[in-house]
1. Arrange Asp32, Asp7, Asp142, Asp2 by Cβ neighbour counts within 10 Å, fewest through most, would you?
2. What's the local net charge at Val108, with K and R +1, D and E -1, over the other residues with C-beta under 14 Å away?
3. Starting from the Cα of Leu9, step 7 Å along the direction of its Cβ; do the same at Leu124; then give the gap between the two resulting points in nm.
4. Among residues other than Trp180 whose Cβ falls under 11 Å from its Cβ, what is the net charge (Lys/Arg +1, Asp/Glu -1)?
5. Which ³J(HN,Hα) values in Hz, rounded to whole numbers, follow from the phi angles of the stretch 160-168 under the Karplus curve 6.51 cos²θ - 1.76 cosθ + 1.60, where θ = phi - 60° and Gly and Pro get x?
6. Rank the residues Ile73, Ile40 as a footprinting-exposure proxy: fewest other Cβ atoms within 10 Å of their Cβ go first.
7. Rounded to whole Hz and in sequence order, give me ³J(HN,Hα) for the stretch 187-199 from the Karplus expression 6.51 cos²θ - 1.76 cosθ + 1.60, θ = phi - 60°, writing x for Gly and Pro.
8. How large is ³J(HN,Hα) for each residue in the stretch 260-265, as worked out from phi by the Karplus curve 6.51 cos²θ - 1.76 cosθ + 1.60 (θ = phi - 60°), to whole Hz, x for Gly and Pro?
Amino acid sequence: MDRRRVDILLTAAAPTAWGTTYLVTSELLPPDRPLWSGVIRALPAGLLLLTLTRHRPHGAWWWRSLVLGALNIGAFFPLLFHAAYHLPGGAAAVLGATQPLLVAGLTVLVLGERPRRRSLAAALAALVGVSLVVLRPGAGLDPVGVAAGLTATAAMGTGLVLTRRWGRPPGVGTLTATGWQLTAGGLMVVPLALLVEGPPPTPDLPALAGYAWLTLAGTALAYALWFRGAARLPVTQVSLLGALSPLTAAALGWAALGQAMTGWQLAGFALAVGATVAGQLPPRRPADRSRAQSGRSRGPVGRSLRSTGEPRGPVGQSRGPGWRGMTGSTRRVPGASSPAAASGRVNRASAAGPAAYDSRSIQRTSSAVQPSPPRPAISRTRRSATRVSSS
């Protein structure tokens, strides 16, 4: 498996892990504490990565880490939870599925890169597919929830594009940069959680298991893989993988909670998965297209050998007298039946190139075994020959 496919699979593991958040939150975590769930999810993971890497920001990376942490964590988590509580029927996931289109526009403005048409078409198809999966009939749309969902999507998309633009400082790994962002973003949510939800909840044993999963797998590992992919793959392609999050949530709801899926939902699921896969295909290079077009024709040697109707020996196999090897093919030279000609004393055919296969070149090759008249010598006082005959 090549490196590009490995990068895609590792990056896809991040939204797949995020898709488990819905099941873990509904089944294991305390109810009505989304902000504290975001803090407990991000801040311990960031502190853990900082402890393992033991590398602090320096220079411009102090404020860059704050900006990225605010966009990817500090603003994204509260806005996403607010949209989820005010938009029924999975409408928040549909708003999140618009991120590839937003990222495509930001890529042009910030990075100066023009997204491929295939990526844009795949983003539209994935949006339609996710809508069919998560939307329910009669789902109302709260304007405040819609605004929160779109703002959360814009924050995450902007953070993804800036992550690609700024990269990482020299000598700093992905885990270190991820730890900076998670710590900064988690600290930003703490005052808001205290103001809105009061003191942190006291978790029981199932809640501890749920927080442990979200902290280690759903945040520390998932965000490290996500930022790694953002540094290696086109950002539009990375954002398209985000559609796997609501699709994973729907699949887990069907498998673990017994939530039935209608025919339209199954069709949307297949459409979204197909669009996500199509968006990861590499572009067809011009060299591939020209090679496919030139495959219908052959070189001059191949055409001349077939057109003459003369026998051809296997490539690399030695022949008897009169056979000459040329460009992977063999050909019997007329008039070369003598042992002297067979030994290759004079081999004009190999130097003549493809033109040696027309009638005049065959005559020249045939006369090669005959004594040739002396040729005029090149004058020592002139740099060019007086006249050298090629026959």
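1. So the residues, fewest neighbours to most, are Asp2, Asp32, Asp142, Asp7.
2. +4
3. Going by the 7 Å Cα→Cβ label model, 3.2 nm.
4. The answer is +3.
5. Running phi through 6.51 cos²θ - 1.76 cosθ + 1.60 with θ = phi - 60° gives 5, 5, 5, 4, 5, 6, 7, x, 9 Hz.
6. The order, fewest Cβ neighbours first, is Ile40, Ile73.
7. Residue by residue, the stretch 187-199 yields 5, 5, 7, 4, x, 5, 5, 5, 6, 8, 10, x, x Hz.
8. 5, 10, 7, x, 5, 5
The numbers here are math on the coordinates, done by the rules we state, and not lab data. Computed from a predicted model, the values in this text were never measured in an experiment. Cβ: placed from backbone, ideal geometry, glycine included. Neighbour counts: every protein chain shown.
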